[in-house]
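Take a look at the structure below.
The values are calculated or read from the model by the stated rules, or taken from the named source; none is laboratory data. Since the model is a prediction, treat every value here as computed from it, not as a measurement. Note: ideal-geometry Cβ built from the backbone for every residue, glycine included; neighbour counts use all protein chains shown. All accessible areas refer to the heavy atoms of the entire protein, side chains included, with ligands and DNA or RNA removed. Shrake-Rupley method; radii C 1.70, N 1.55, O 1.52, S 1.80 Å.
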Amino acid sequence: MGVTEYVKFVDVTKCDGCRACMVACKNWNDLPAENEGFHGSYQSHEKLTANTWNVITFMEQESKDGGFEWLFRHMSCLHCGQAACEKACPESAISHTEFGSVVIDADKCVGCGYCVQNCTFDVVKLATYKDKNGKEYRKAQKCTLCTDRLEEGLQPACVTSCHTDCLVFGDREKILKEAEARLAKVKDRFPNANIYNPEGIGGTTTVYLLADKPSVYGLPENPKIPLSQIVWKDYAQPIGKAMLGVTTMAVVGAFVSNSLFNNKDSDKGGHDHEQK
């Protein structure tokens, strides 16, 4: 998937931690509430789950005057240009849309969990359901960038709820140009500020202006797609399907995916997981 003409830009230096984006995401996607106990922070949820696709992280940092200031981050799917979850899926249930969003087809998803194991940013999660006979089954879930809203000419729900303009969605070239100008303005206050749009994964549709190094926010500094995933998804799988047929290849695909991707730490280059 190449770079699209759209981008969701997140300027964390404008975020005040109000969590309106979390509420809007829950409301639009009809996601159930999840109660979490106190875990040593003002942060309401410790991490993303199958039913919480957007979390505001809270971190404290010492300021120049000896005090402290909050570092907030709108944590959700980054919608990678080269998505590890899409590469790992043996059923072709994950794909890119014209908006650059990475979406999961629930009808194709078999709940194998390889996307969960290989997600670069620990975003994809499995939800458990029961059929009419009471038998449990699983489906992968995550932020969709509100693709259903984008198709109707609307903005993502989180963007429309943001009262500080921390979240902006629109023309990629225009917004990224404005992002560079914004970066220059905040450098005095945040010397380590940077634009986070990793080239090693083909860029992202969700692009950040971070106030400090990516690792401070629990993000990998320079994530890359493992060569094994590229070879498997882009070459071995299409050739195999042509030779063996789709049904047979689905069985083979599940086995090979498990063999290649089951050890998620070995191929990711030792990246850090999301901030706990």
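Results, tabulated for the structure shown:
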quantity: Accessible area of Arg138 in the full protein assembly, 1.4 Å probe (Å², nearest 10); calculated: 110 Å²
quantity: Volume in Å³ per residue [convex hull over Cα atoms, computed for segment 30-187]; calculated: 163 Å³
quantity: Accessible surface of segment 186-226 [probe 1.4 Å, protein heavy atoms]: carbon and sulfur percent; calculated: 47 percent
quantity: FRET efficiency, 1/(1 + (r/R0)^6) with R0 35 Å, evaluated for Asp212 and Glu36 via beta carbons; calculated: 0.85
quantity: Exposure of Lys135 as accessible area (Å², to 10), given a probe of 1.4 Å and all protein chains; calculated: 140 Å²
quantity: Extended-chain gain in nm, criterion 0.36 nm per residue less alpha-carbon gap, Ala184 and Cys18; calculated: 57.2 nm
quantity: Cα principal axis extents for segment 54-135, largest first, Å; calculated: 60, 34, 21
quantity: With every protein chain in place, segment 38-179: carbon and sulfur % of accessible area (1.4 Å); calculated: 47 percent
quantity: Solvent-accessible ranking of Leu167, Leu176, largest area first, probe 1.4 Å; calculated: Leu176, Leu167
quantity: Heavy atoms of Arg182: accessible area, 1.4 Å probe, square angstrom to 10; calculated: 70 Å²
quantity: Tally of Lys pairs whose C-alpha atoms are under 30 Å apart, taken over segment 75-211, 8 or more apart or cross-chain; calculated: 25
